[in-house]
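Engineer: Quick one: the structure is below, questions incoming.
The values are calculated or read from the model by the stated rules, or taken from the named source; none is laboratory data. Source: prediction; values computed, not measured. Cβ atoms come from the backbone with ideal geometry, glycine included; neighbour counts cover every protein chain shown.
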Amino acid sequence: MIRLSTPREVHLGDRAVGDGHPTYVIAEIGINHNGDINLARQLIDAAVAAGCDAVKFQKRTPVLCVPADQAAQMRQTPWGYITYLEYRHRVEFGQAEYETIDAYCREKGIAWFASCWDEPSVSFIEQFNPVCYKVQSAALTDQSLLARLRATGKPLIVSTGMSTMEQINTALTWLEPRPIIVAHATSAYPCTAEELNLRMIETLRRIYDHPVGYSGHEVGLPTTVAAVAMGACLIERHITLDRSMWGSDQAASVEASGLQRLVHYIRTVEASMGDGIKRVYESELGAMARLRRTSVSNPPVAVLVGAG
């Protein structure tokens, strides 16, 4: 086990994330924009309308990220029957698109950042000075990529899907002393309820002094809300305009109306948690006066039935 001396709080831009602070809600756009900047703008709009704190994209250098044995494989896409490598180029945003994203998010007042799948992508995103970086579950054991992310000096959200506790411990050791938020995740798209294992949020909170969040890939909203009640200080869900759209992540995503409900439910749960100190609220006094007998010298016989 690793116990760190840092407080369970991390700042992402001007927002403190951790115990005692509002849940930081991230709308994961990822590659659900399908290479269309206009669709990306609409997804940003959906996140803003729902009251999310940030949107997240994914950045890759296709020639580095596509395995050599898969590059020439043919795939049916909206752009026709093309190779997997060409498909990855089609959905990848470049300089012009990210300049548009950066300007649009500033205009809308929402933070944005990315998960970077290779070291050149980190260098590319750095020019926009994001509030943090996401370490996707697939990169948890990539020591060279983690070293590059650590060198940025930015806070890191570390997702833990498809990983053992030993691998998580090793990755966090590599990333010290960067501010870290550990995000529980199961890397199945979509993930069944039986494999969400939300109690891992409590386990991670016991083991680490880092803030603990939740990156969900399930269908529906209740389990994500439950994660907040179990102590997740950060929530990430993939978003889409239509779950039936083409793309590998669409089916495990939340549509705009669902995103609005999710944020509303999260804020309601936050307000309901309280501080754990029992008290009589002013709103209870009327019921107390009407319903409670404050002094009983001789208990009703019914209370004593069966006592002997």
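Engineer: Answer yes or no: is there a residue in region 98-120 that is among the β-branched types (Val, Ile, Thr) and either at pLDDT below 95 or in contact with a Gly (Cβ under 9 Å, 6 or more places away or on another chain) (or both).
Structural biologist: No: region 98-120 contains no residue that is among the β-branched types (Val, Ile, Thr) and either at pLDDT below 95 or in contact with a Gly (Cβ under 9 Å, 6 or more places away or on another chain) (or both).
Engineer: So which residues in region 144-182 are hydroxyl-bearing (Ser, Thr, Tyr) and either surrounded by fewer than 15 Cβ atoms within 10 Å (Cβ to Cβ) or assigned to a strand (DSSP E or B) (or both)?
Structural biologist: The answer is 144, 159, 164, 173.
Engineer: Related question: Kindly evaluate residue 22 against the criterion of being at pLDDT 95 or above, under 19 Å from residue 181 (Cβ atoms) and either in a loop (DSSP other than H, G, I, E, B) or charged (D, E, K, R) (or both).
Structural biologist: Here the answer is yes, as residue 22 does meet what is asked.
Engineer: Being of a type in the set (A, V, I, L, M), within 15 Å of residue 265 (Cα to Cα), buried (at least 24 other Cβ atoms within 10 Å of the Cβ) and at pLDDT 95 or above narrows it down to one of 235, 239, so name that one.
Structural biologist: 235
Engineer: Separate question: May I ask you to say which residue of 139, 185 is buried (at least 23 other Cβ atoms within 10 Å of the Cβ), out of contact with any Asp or Glu (no Cβ under 8 Å at 6 or more places or on another chain) and within 21 Å of residue 252 (Cα to Cα)?
Structural biologist: 185
Engineer: Given 126, 119, 97, 86, which one is free of Cβ contacts under 8 Å to residues at least 24 places away in the same chain and over 30 Å from residue 231 (Cα atoms)?
Structural biologist: Unique residue meeting the criteria: 86.
Engineer: Additional query: Just to be sure I understand, how many residues within region 203-223 are within 16 Å of the chain's Cα centre (by Cα) and within 18 Å of residue 164 (Cβ to Cβ)?
Structural biologist: Residues that pass the stated criteria total 4.
Engineer: Determine the pairs where a residue that is crowded, with 17+ Cβ neighbours inside 10 Å, located within region 252-268, has a partner that is among the aromatic types (Phe, Trp, Tyr) with Cβ atoms under 9 Å apart, the partner being 6 or more residues away or on another chain.
Structural biologist: If the second residue must be among the aromatic types (Phe, Trp, Tyr), the pairs left are 252/189.
Engineer: Taking the condition of being free of Cβ contacts under 8 Å to residues at least 40 places away in the same chain and within 16 Å of residue 43 (Cβ to Cβ), how many residues in region 223-251 meet it?
Structural biologist: 3
Engineer: Let me ask something else. Quick one: how many residues across region 46-72 are in contact with a helix residue (DSSP H, G or I) (Cβ under 8 Å, 6 or more places away or on another chain) and either over 19 Å from residue 130 (Cα atoms) or part of a loop (DSSP other than H, G, I, E, B) (or both)?
Structural biologist: Qualifying residue count, region 46-72: 15.
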